Amino acid sequence: MRYALGGGLPRELSPWVLADTTGPGWVRRHLTRAVVQLLPVLVLCVVAVPVPLVYRLSAAVGGLLMGLVFSLAFMVETTEHRVAKAGYRAGTAARMREERAEREQLERRSPYRRNGAGSFD
């Protein structure tokens, strides 16, 4: 939970942080962490503000959407900060994601994938 709220993890978990911010599904995990960070404020908005429920819910939904837009706008910087806190150099996560994308693109274009096994024409 501390990690989801922006806290650091022990050094022995640094490889996990790198995998979390670079592996498949890293955008989904980033957005999930953003929702976890926004949730206490949203709950407070719905529970404690003395206005009709429809206004509280619309404010909570609007706040969630704005928070997610903000989170998407700074997604790369946020993940790089997490990786730097884990002990890696700045830019490591972006470089690893780019290398993985290039590798996947190369695999999709390979003759083996295109024509099937045994056909290299």
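Taking helices (runs of 4 or more DSSP H) that do not extend beyond region 54-121, which have at least 2 residues that are modelled with pLDDT of 90 or more?
Working: elements: 75-85, 92-109, 111-115.
In region 54-121, the matching helices (runs of 4 or more DSSP H) lie at 75-85, 92-109.
Select from region 41-52 the residues that are of a type in the set (Val, Ile, Thr) and either touching a Cys at 6+ places or on another chain (Cβ under 9 Å) or surrounded by fewer than 11 Cβ atoms within 10 Å (Cβ to Cβ) (or both) and write down the one among them that is nearest to Leu5 (Cα to Cα). It would help to see each step written out before you state the result.
Keep residues of region 41-52 that are of a type in the set (Val, Ile, Thr), which gives 41, 43, 46-47, 49, 51.
Retained after the next criterion (residues that are either touching a Cys at 6+ places or on another chain (Cβ under 9 Å) or surrounded by fewer than 11 Cβ atoms within 10 Å (Cβ to Cβ) (or both)): 47, 51.
Details: Val47: 21, Val51: 29 Å.
Per the criteria, the residue is Val47.
Give region 1-19 a look and list any residue that's in a helix (DSSP H, G or I) and touching a residue at least 60 places away in the same chain (Cβ under 8 Å), or say none. Break it down into steps so the answer makes sense when it comes.
Initially, region 1-19 is screened for residues in a helix (DSSP H, G or I), giving 11-19.
Within region 1-19, Arg11, Leu13, Ser14, Val17, Leu18 qualify.
May I ask you to list pairs of residues, at least six apart or on different chains, whose Cβ atoms are under 6 Å apart, with the first in region 91-105 being closer than 12 Å to Thr21 by Cβ and of a type in the set (Ser, Thr, Tyr) and the second being surrounded by 12 or more Cβ atoms within 10 Å (Cβ to Cβ) and at pLDDT 90 or above?
Short answer, once both residue conditions are applied: Thr92/Val83.
I need a count of the residues in region 53-94 that are of a type outside the set (Phe, Trp, Tyr), exposed (fewer than 14 other Cβ atoms within 10 Å of the Cβ) and more than 15 Å from the chain's Cα centre (by Cα).
12
If you go through region 22-49 one residue at a time, how many are under 30 Å from Met96 (Cα atoms) and either in a helix (DSSP H, G or I) or among the charged types (D, E, K, R) (or both)? Outline the logic, then answer.
Filtering region 22-49 down to residues under 30 Å from Met96 (Cα atoms) leaves 22-38.
Then drop every residue that is not either in a helix (DSSP H, G or I) or among the charged types (D, E, K, R) (or both), which leaves 22, 26-38.
Qualifying residue count, region 22-49: 14.
The values are calculated or read from the model by the stated rules, or taken from the named source; none is laboratory data. Note that the structure is predicted; figures quoted are calculated from it, not measured. Glycine also receives a Cβ, built like all others from the backbone with ideal geometry; neighbour counts cover every protein chain displayed.
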